[in-house]
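The values are calculated or read from the model by the stated rules, or taken from the named source; none is laboratory data. Quantities reported herein were computed from a predicted structural model and do not represent experimental measurements. Here the Cβ is made from the backbone with ideal geometry for all residues, glycine too, and neighbour counts use every protein chain on show.
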Amino acid sequence: MFLGVDGGGTKTAYALIDAAGRILARHVGPSVSHLSEGFVHAKELLIGGIGATLAKASCAPTNVTFAFVGLPAYGEDSATTAVMDDMPSSLLETTHYRCGNDTVCSWAGSLACRDGISVIAGTGSVAYGQYLGREARAGGWGELIGDEGSAYWIAREGLNLFSRMSDGRAQRGPLYELVRARLGLSVDLDLCARIYGESGSVRSVFAQFAVLVHEAAEAGDAQAVAVFDRAAQELVECVSAVRRALAIPAGAIVPVSHSGGVFNGAARLSDTFHATLEAAKSGFEYRAPMYSPEIGAALYAAQLAGQLLSESALEMLTQQCSAT
């Protein structure tokens with residue numbers, strides 16, 4: 001049995017599969033990010049989520065062959081790596097799991113652990129890939145430094161656009177009235193209180209404003225459309241940077257896929273990303289995501305254990321994912 005954990009900025013998804021490709025249990029719980037929850041609470045949440053998943057399958061922790069636990073911000077602070085590696089140890093044998101960055105889950109799920117590059121665009125953004133045993137990433141520097149193309153970035157760009165529409169630096173489009181109506185603004189500058197107030201300072205809450213930018217783009221706001229065009233371009237630049245870091249030969253065709261809430265909730269970004277990737281003419285081949293990140297984490301756990309799932313097992317897994 002192989003356990004996969006995909007720890008995101010807003011939620012954590014768990015999956016337990018077997019070597020035949022059967023999904024034995026799935027579970028969704030709160031974020032296990034130590035940045036927002038603190039290490040003590042994050043560990044409690046992680047152990048609770050793993051325990052709940054195993055309980056659904058009546059599986060004892062000792063029966064887990066291997067687990068991969070993808071954690072937010074893993075590897076982004078050398079001083080905390082050992083602490084994060086220890087987080088599952090009160091439930092799982094240390095020789096039967098590996099912790100890593102949650103970006104690995106996206107790659108493993110979208111490409112079924114095959115060589116290629118995957119992009120995450122959720123609350124934050126990052127690209128990660130593997131090629132002939134090498135691995136590399138680009139982006140993922142957090143909202144204050146980068147995270148271009150993420151929900152946070154789209155929200156920030158969209159609200160900046162609203163401010164420009166409000167004071168006359170930009171022509172007013174559908175975004176202007178949409179923001180006023182949804183946020184109940186009778187005075188435009190009251191937006192500042194919404195953003196800089198207690199709820200607006202929360203990263204995940206702020207990122208939700210990206211939905212308004214998408215609605216404005218769908219309503220024909222050319223300036224909001226341009227935000228998504230820039231987002232797609234930024235994400236493709238991350239893909240190109242990963243390709244260079246992986247030293248992939250110029251003539252090789254590299255599969256590229258994606259995951260994350262912005263791709264799932266904004267068809268415009270998915271379509272524009274696909275088109276921008278093709279326009280780059282850099283030897284990329286777009287692939288629709290095969291599995292969700294938590295399933296990918298379970299597949300990667302099997303790979304780490306030296307027990308890659310067979311093609312028939314992957315077909316079984318595909319059928320079950322399609323059914324659910």
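Some values worked out for this structure:
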| quantity | calculated |
| --- | --- |
| Test: Arg169 is outside the structural domain of Asp77 (by TED's automatic domain parsing) and closer than 18 Å to Gln223 by Cβ | yes |
| Matching residues, segment 176-191, being in a helix (DSSP H, G or I), surrounded by 13 or more Cβ atoms within 10 Å (Cβ to Cβ) and not acidic (Asp, Glu) | Tyr176, Leu178, Val179, Arg180, Leu183, Leu191 |
| Residue count, segment 41-62 (criterion: of a type in the set (Val, Ile, Thr) and either at pLDDT below 95 or surrounded by fewer than 20 Cβ atoms within 10 Å (Cβ to Cβ) (or both)) | 2 |
| Residue list for segment 77-97, filter: part of a loop (DSSP other than H, G, I, E, B) and either farther than 25 Å from Ser125 by Cα or without any contact (Cβ under 8 Å) to a residue 40 or more places away in the chain (or both) | Asp77, Asp86, Pro88, Ser89, Ser90, Leu91, Leu92, Glu93 |
| Extreme residue, nearest to the chain's Cα centre (by Cα), among residues of segment 1-53 that are charged (D, E, K, R) and under 21 Å from Glu76 (Cα atoms) | Asp6 |
| Complete set of residues in segment 278-324 that are in contact with a Ser or Thr (Cβ under 8 Å, 6 or more places away or on another chain) and not aliphatic (A, V, I, L, M) | Ser282, Tyr286, Arg287, Pro289, Tyr291, Ser292, Pro293, Gly296, Gln307, Cys321 |
| Residue in segment 220-230 that is in a helix (DSSP H, G or I), more than 20 Å from Arg169 (Cβ to Cβ) and touching a Lys or Arg at 6+ places or on another chain (Cβ under 7 Å) present | yes |
| Enumeration of residues in segment 88-103 that are surrounded by 16 or more Cβ atoms within 10 Å (Cβ to Cβ) and small (Gly, Ala, Ser) | Gly100 |
| Residue match in segment 114-123 (condition: free of Cβ contacts under 8 Å to residues at least 24 places away in the same chain and surrounded by 16 or more Cβ atoms within 10 Å (Cβ to Cβ)) | no |
| Which numbered condition Ser322 misses (of (1) farther than 21 Å from Ala112 by Cα; (2) part of a helix (DSSP H, G or I)) | (1) |
| Segment 30-46: number of residues that are out of contact with any helix residue (DSSP H, G or I) (no Cβ under 9 Å at 6 or more places or on another chain) and among the polar types (S, T, N, Q) | 0 |
| Hey, Val28 part of a loop (DSSP other than H, G, I, E, B), closer than 29 Å to Ser322 by Cα and assigned by TED's automatic domain parsing to the domain that holds Thr318 or not | no |
| Qualifying residue in segment 47-56 (condition: assigned to a loop (DSSP other than H, G, I, E, B) and in contact with a helix residue (DSSP H, G or I) (Cβ under 8 Å, 6 or more places away or on another chain)) | no |
| Only listed residue being in the same structural domain as Glu278 (by TED's automatic domain parsing), closer than 18 Å to Arg268 by Cβ and surrounded by 16 or more Cβ atoms within 10 Å (Cβ to Cβ), chosen from Ala219, Ala210 | Ala210 |
| Helices (runs of 4 or more DSSP H) fully within segment 251-316 counting 3 or more residues that are free of Cβ contacts under 8 Å to residues at least 24 places away in the same chain and not aliphatic (A, V, I, L, M) | 267-280 |
